[in-house]
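Okay, structure first, notes after.
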Amino acid sequence: MKHRIVFFVAVAVLLVSCKDEVLPKPKAMLRLDYPTAEYVQSGTDCMYTFDKNTLSNIKENNDCSMVLDYPMMNGSIYLTYKPVQGNLDTLLVDAQKLSYEHVVKADNILEQPFINEEDGVYGMFYEVSGNAASQSQFYVTDSIDHFVTGSLYFYAKPNYDSILPAAMYLQNDIRRIMESLRWKK
């Protein structure tokens, strides 16, 4: 009889212990989908025009610098206009230095030259990966009269994995700004 009780207890223990191990669910990541970008002409009174995303709100300053605010992404693209007055080398060095100030926190900075000979627009796009304050920077110039720099900033602590979908979306907008930028005569 004693053997039967031990046998039933052993079988009961085996049956109870054969369940899968209980593990907590991993934290889920929020999926961010943004609408397809639609563009319109910026229509500013400045020395340049470009296509802007209809999701952005434009805030123009008197010196033709402006902010393209994206409230749904909690970020902005800052554009700064400077006239070229024999200081093109200084403007180029400043724009490049601004991009490389993020190298401390960045994992990588990818440079992508931009040339539009037909419309006289030349520049550089910097894609910054990692937990840097700005995920993208760029400049464009006609090398004679006009110089525009731009930077992308989010109103949140830099966390590359979290802001990556919004950063990629806005990098496409920056490329569109560069491609559509035209100097006014």
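Output the residue which, of all residues in the range 65-79 that are out of contact with any Asp or Glu (no Cβ under 6 Å at 6 or more places or on another chain) and assigned to a strand (DSSP E or B), is nearest to residue 164 (Cα to Cα).
To start, the set of residues in the range 65-79 that are out of contact with any Asp or Glu (no Cβ under 6 Å at 6 or more places or on another chain) comprises 65, 67-75, 77-79.
Pick out the ones that are also assigned to a strand (DSSP E or B) and you get 67-70, 75, 77-79.
Values: 67: 21, 68: 19, 69: 17, 70: 15, 75: 12, 77: 15, 78: 19, 79: 21 Å.
For the range 65-79, the residue satisfying everything is 75.
Name the pairs whose Cβ atoms lie under 6 Å apart, with the first residue in the range 156-185 and within 17 Å of residue 44 (Cα to Cα), the second surrounded by fewer than 18 Cβ atoms within 10 Å (Cβ to Cβ) and of a type in the set (Phe, Trp, Tyr), and 6 or more positions between them or separate chains?
178/114
What number of residues within the range 1-41 are assigned to a loop (DSSP other than H, G, I, E, B) and either in contact with an Asp or Glu (Cβ under 7 Å, 6 or more places away or on another chain) or modelled with pLDDT under 90 (or both)?
Taking the range 1-41 first, the residues assigned to a loop (DSSP other than H, G, I, E, B) are 1, 18-38.
Next cut, either in contact with an Asp or Glu (Cβ under 7 Å, 6 or more places away or on another chain) or modelled with pLDDT under 90 (or both) only: 1, 18-35, 37.
So the count comes out to 20.
Considering only the range 156-185, state which residues are outside any helix (DSSP H, G or I), under 12 Å from the mean Cα position of the chain (by Cα) and either of a type in the set (Phe, Trp, Tyr) or modelled with pLDDT of 80 or more (or both). Steps first, answer last, please.
In the first step, residues of the range 156-185 are kept if they are outside any helix (DSSP H, G or I); the result is 156-159, 181-185.
Cutting the leftovers down to under 12 Å from the mean Cα position of the chain (by Cα) gives us 158-159.
Matches in the range 156-185: none.
For the range 126-144, enumerate the residues that are part of a strand (DSSP E or B), at negative phi and either surrounded by fewer than 22 Cβ atoms within 10 Å (Cβ to Cβ) or at pLDDT below 85 (or both). Don't jump to the end; show me each part of the working.
The first filter runs over the range 126-144 and keeps only residues part of a strand (DSSP E or B), leaving 126-130, 134-141.
Imposing the further condition that a residue be at negative phi reduces the set to 126-129, 134-141.
Those that are part of a strand (DSSP E or B), at negative phi and either surrounded by fewer than 22 Cβ atoms within 10 Å (Cβ to Cβ) or at pLDDT below 85 (or both): 127, 128, 129, 134, 135.
For the range 47-64, which residues satisfy the criterion of being in a loop (DSSP other than H, G, I, E, B), within 19 Å of the chain's Cα centre (by Cα) and surrounded by 12 or more Cβ atoms within 10 Å (Cβ to Cβ)?
So the first thing to find is which residues in the range 47-64 are in a loop (DSSP other than H, G, I, E, B), and the list is 47, 50, 54-56, 61-64.
After this cut, where a residue has to be within 19 Å of the chain's Cα centre (by Cα) as well, the list is 50, 54-56.
Result: 50, 55, 56.
Against the condition outside any loop (DSSP other than H, G, I, E, B), surrounded by fewer than 16 Cβ atoms within 10 Å (Cβ to Cβ) and of a type in the set (S, T, N, Q), how does residue 112 come out, does it pass? Walk me through it before giving the result.
Details: outside any loop (DSSP other than H, G, I, E, B): yes; surrounded by fewer than 16 Cβ atoms within 10 Å (Cβ to Cβ): yes; of a type in the set (S, T, N, Q): yes.
So residue 112 passes the test.
Of the residues 152, 110, only one is without any contact (Cβ under 8 Å) to a residue 60 or more places away in the chain and either of a type outside the set (Gly, Ala, Ser) or closer than 20 Å to residue 51 by Cβ (or both); which?
Numbers: 152 fails: without any contact (Cβ under 8 Å) to a residue 60 or more places away in the chain.
Just one listed residue meets the conditions, 110.
Suppose we keep only residues that are surrounded by fewer than 16 Cβ atoms within 10 Å (Cβ to Cβ) and in contact with a strand residue (DSSP E or B) (Cβ under 9 Å, 6 or more places away or on another chain) within the range 68-83. Which one would you say is modelled with the lowest pLDDT? Outline the logic, then answer.
Our first condition is that a residue be surrounded by fewer than 16 Cβ atoms within 10 Å (Cβ to Cβ); within the range 68-83, this holds for 71-72, 74, 83.
Still in the list and also in contact with a strand residue (DSSP E or B) (Cβ under 9 Å, 6 or more places away or on another chain): 71, 74, 83.
Values: 71: 93, 74: 89, 83: 94.
Per the stated criteria, the residue is 74.
The values are calculated or read from the model by the stated rules, or taken from the named source; none is laboratory data. Because the structure is predicted, anything quoted here is derived from the model rather than measured. All Cβ positions, glycine included, derive from the backbone under ideal geometry; neighbour counts span all protein chains shown.
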